[in-house]
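The values are calculated or read from the model by the stated rules, or taken from the named source; none is laboratory data. All values reported here derive from a predicted model rather than from experimental measurement. Neighbour counts are summed over all protein chains in view; Cβ atoms, including those assigned to glycine, are modelled from backbone coordinates with ideal geometry. Calculation scope for accessible area: heavy atoms of the full protein, side chains included, ligands and nucleic acids excluded. Shrake-Rupley method; radii C 1.70, N 1.55, O 1.52, S 1.80 Å.
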Amino acid sequence: MAQEVRGVIAPGKNEPVRVETVVVPDPGPGEAVVKIQACGVCHTDLHYKQGGINDDFPFLLGHEAAGIVESVGDGVTDVAPGDFVILNWRAVCGQCRACLRGRPWYCFDTHNAKQRMTLTDGTELSPALGIGAFAEKTLVAAGQCTKVSSAVSPAVAGLLGCGVMAGIGAAINTGNVGRGDSVAVIGCGGVGDAAIAGSRLAGAAKIIAVDIDDRKLTTAREIGATHTVNSRETDPVEAIRELTGGFGADVVIEAVGRPETYQQAFYARDLAGTVVLVGVPTPDMKLDLPLIDVFGRGGALKSSWYGDCLPSRDFPMLIDLHLQGRLDLGAFVSETIALDEVEAAFERMHHGDVLRSVVVL
């Protein structure tokens with residue numbers, strides 16, 4: 001029987017979000033209903049609210065979440081009611097050309113729940129990234145549920161559902177940061193700081209954090225940066241080269257998503273080094289680089305989709321590292337809030353006042 005729960009809706013472009021009653025249907029084949037315990041406030045949700053993703057309003061926001069599986073539909077075998085899970089927005093299909101080549105982290109046919117949640121008047125909702133977790137309960141494809149240890153706090157576990165996984169994966173999975181490497185991270189928000197944490201996990205010898213906000217640079221150092229550069233005051237390319245013996249970093253991770261910072265990343269890497277783009281650009285942005293420099297500097301220019309993660313592999317591993325005290329996920333949580341405080345949290349995030357606000361239900 002369908003249930004009515006509270007959820008945070010973005011009714012129209014740039015309109016304030018509001019808490020509405022959401023109708024959650026029983027799970028159909030391959031689906032699951034999850035009781036949400038915590039959900040992070042991510043920039044992607046703000047992009048949805050601003051109409052930067054698409055105009056399929058109204059949106060049910062929230063996607064960086066953890067909770068308890070309440071019920072499952074026919075054919076679901078990987079999770080069961082009572083399981084503690086982190087939700088992911090790339091449920092792999094197992095059948096596309098990437099999956100069949102043994103590269104499921106590139107899955108080209110990820111899937112979501114087929115049924116739609118609605119408002120009480122029948123208006124269909126578009127769940128953010130196929131999840132919609134600023135709600136007491138949500139309906140997802142069962143493949144979007146990754147079971148992890150219930151010993152972890154939901155407020156930190158959910159962060160792996162998007163931003164923290166994107167950053168850690170950009171360093172470890174996409175950038176292949178290794179022991180003794182030098183790494184520069186441009187942009188020290190949640191994703192950039194997670195890339196710093198990932199580089200530290202991978203054994204990087206030098207981790208250079210770059211940002212225009214000294215507050216963010218202080219946090220970056222607490223998370224694992226060995227050096228910091230305020231790019232409002234100093235040319236970041238020259239600073240990174242100076243800190244790496246004049247050569248540039250082995251891996252430069254761009255976590256802003258702008259042409260000018262990408263160009264900085266390109267020229268701040270060593271010859272044959274790697275640039276990883278994990279910051280999300282807008283469709284109108286263009287990049288202008290001399291092709292001879294692309295050829296002459298060698299190396300690799302990569303983009304990182306969701307940290308090129310495989311949730312079934314990476315989420316449990318990272319939760320175990322957190323429980324062992326080797327990865328401080330709690331450092332990313334600036335505050336915990338209620339459902340009706342999401343609009344104010346967007347404002348704080350927009351001004352750089354928090355690393356992550358987390359809705360706790």
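Taking square-rooted eigenvalues a ≥ b ≥ c of the alpha carbon gyration tensor, is region 1-83 rounded, prolate or oblate, where a/c under 1.5 means rounded and, failing that, a/b exceeding b/c means prolate? Here region 1-83 falls in the prolate category.
Semi-axes, largest first, in whole Å: what does sqrt of 5 times each Cα gyration tensor eigenvalue give for region 240-332? The partial results should precede the final answer.
Values: eigenvalues 170, 61, 31 Å².
Ellipsoid half-lengths, sorted descending, are 29, 17, 12 Å.
The value given for region 39-182 is a Kirkwood hydrodynamic radius of 16.4 Å, derived from the mean inverse Cα-Cα separation.
Mind checking the full-extension length gain between Ala300 and Arg313? Use 0.36 nm per residue of separation minus the Cα-Cα distance, one decimal, nm. Intermediate results must be reported in sequence, preceding the final value.
Details: separation 13, 0.36 × 13 = 4.68 nm, distance 2.51 nm.
Additional length available on full extension: 2.2 nm.
Return the carbon/sulfur percentage of the accessible area of the chain, one whole number, probe 1.4 Å, all protein chains in place. Intermediate values should be presented prior to the final figure.
On the way: 7590 of 15440 Å².
Carbon-and-sulfur percentage of accessible area, whole number: 49.
Rolling a 1.4 angstrom probe over the protein heavy atoms with all chains in place gives the chain an accessible area of 43 Å² per residue.
What FRET efficiency, computed as 1/(1 + (r/R0)^6) with R0 = 41 Å and r the Cβ-Cβ distance, is obtained for Arg116 and Asn176, rounded to the nearest 0.05? FRET efficiency, Arg116 to Asn176: 0.55. For region 284-311, backbone nitrogen atoms closer than 18 Å to the point 7 Å from Asn14 Cα along Cα-to-C-beta are found at 284. A convex hull fitted to the Cα coordinates of region 105-171 yields 120 cubic angstrom per residue. Subtracting the Cα-Cα distance of Phe247 and Ala151 from 0.36 nm times their residue separation leaves 30.1 nm of extension gain.
Which entries of Lys13/Lys216; Lys35/Lys147; Lys137/Lys216; Lys49/Lys137; Lys114/Lys147 have Cα-Cα distances beyond 24 Å here? Don't skip to the answer; put the middle values down first.
On the way: Lys13/Lys216 29 Å; Lys35/Lys147 14 Å; Lys137/Lys216 33 Å; Lys49/Lys137 20 Å; Lys114/Lys147 21 Å.
Beyond 24 Å: Lys13/Lys216; Lys137/Lys216.
Taking the Cβ-Cβ separation of Thr218 and His350 as r and a Förster radius of 22 Å, what is the calculated FRET efficiency to the nearest 0.05? It comes to 0.65. Restricting the calculation to Cα atoms, the chain shows an Rg/Rh of 0.98 when the hydrodynamic-style radius is the Kirkwood one.
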